[in-house]
Amino acid sequence: MLGYRPLVYMWIAEYIDGSALPQFDPETGRENRFADIDHGKLKRFGWYPFTHELAKKILETEGIIVIPVVIPSYVVELKDGERLVAKRENTIKLHTKSGEITRDATVYVLGKEGDKILRIHEDGSVE
C-alpha cells in the first residue's frame, strides 16, 4: 500500500516573459518545488493532467506514482497585483480502534484572492 495518494494533476506556472515552470520537467521527470515559483512574475497558473509518457518518466526519475487520466485542465489568469490561491488538500483519517489509516481523495484548489475559488476533484469535476 502506498503511503500517499497518487496525483492526477500537476501545476504549471507561466510567467509574463513567456517562460514557464512545471511541477515536473517534461524532459526529465524531475520535480520542481512550489516554493520556486516567482509569484511576482506570474501571468497564468494551472492544474494539468499527466500524460502516460510523463507519468513513466516521473516514476523512473523520482519514484513517485502519478495517474494519467483524461480530465480537464484548469487555469487562472493573473493580472498585476492579483494573488494566486493554489494548493492540494488531503484528508488523512486514523481509525483508533483498528489503527488503520485511510486517505480521502485529493482536492486541487485554484483561484485568486478575493475571487471565486475552484475545488477540483480527482475526476475533474468542480465545486
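No value in this document is a laboratory result; all are computed from the given coordinates. The structure displayed is predicted, hence computed values, not measured ones. Virtual Cβ from ideal backbone geometry, glycine too; neighbours counted across all protein chains shown.
When the charge dipole of the chain is built from unit charges on Cβ atoms (+1 for Lys and Arg, -1 for Asp and Glu) and taken about the Cα centre, the candidate among Leu110, Ile12, Gly81 whose Cα reaches farthest toward its positive end is Leu110. Computed from Cα positions, the angle between helix 52-62 and the longest principal axis of the chain comes to roughly 70 degrees. Here the peptides 6-15, 99-108 are ranked by packing, the mean other Cβ count within 10 Å, and the order with the highest first is 6-15, 99-108. Among the listed options [x] 1.02; [y] 1.14; [z] 1.19, the one matching Cα Rg over 2.2 N^0.38 Å as calculated from these coordinates is [y].
Normalising by the residue count of the range 73-121, find the relative contact order in percent from Cα pairs under 8 Å and 6+ residues apart.
Taking the mean separation of contacting Cα pairs over the length of the range 73-121, I get 36 percent.
Could you compute the FRET efficiency for Val109 and Arg30, with r as their C-beta to C-beta distance and R0 at 25 Å, rounded to 0.05? Working shown, then result.
On the way: r = 24 Å, r/R0 = 0.98.
It comes out at approximately 0.55.
For the chain, what is the mean residue ellipticity at 222 nm derived from helices alone (per DSSP H run of n ≥ 4: -39500 (n - 2.57); sum divided by total residues; nearest 500 deg cm²/dmol)? So the calculated ellipticity at 222 nm is -2500 deg cm²/dmol.
What's the FRET efficiency of Thr61 with Arg119 using the Cβ-Cβ distance as r and R₀ = 30 Å, to the nearest 0.05?
0.50
Relative contact order of the range 1-111, taken over Cα pairs closer than 8 Å and 6 or more residues apart, is 25 percent.
Within the listed set Ser19, Ser73, Ser98, the Gaussian network model of the chain (springs between alpha-carbon atoms below 10 Å) gives the highest mean-square fluctuation for Ser98.
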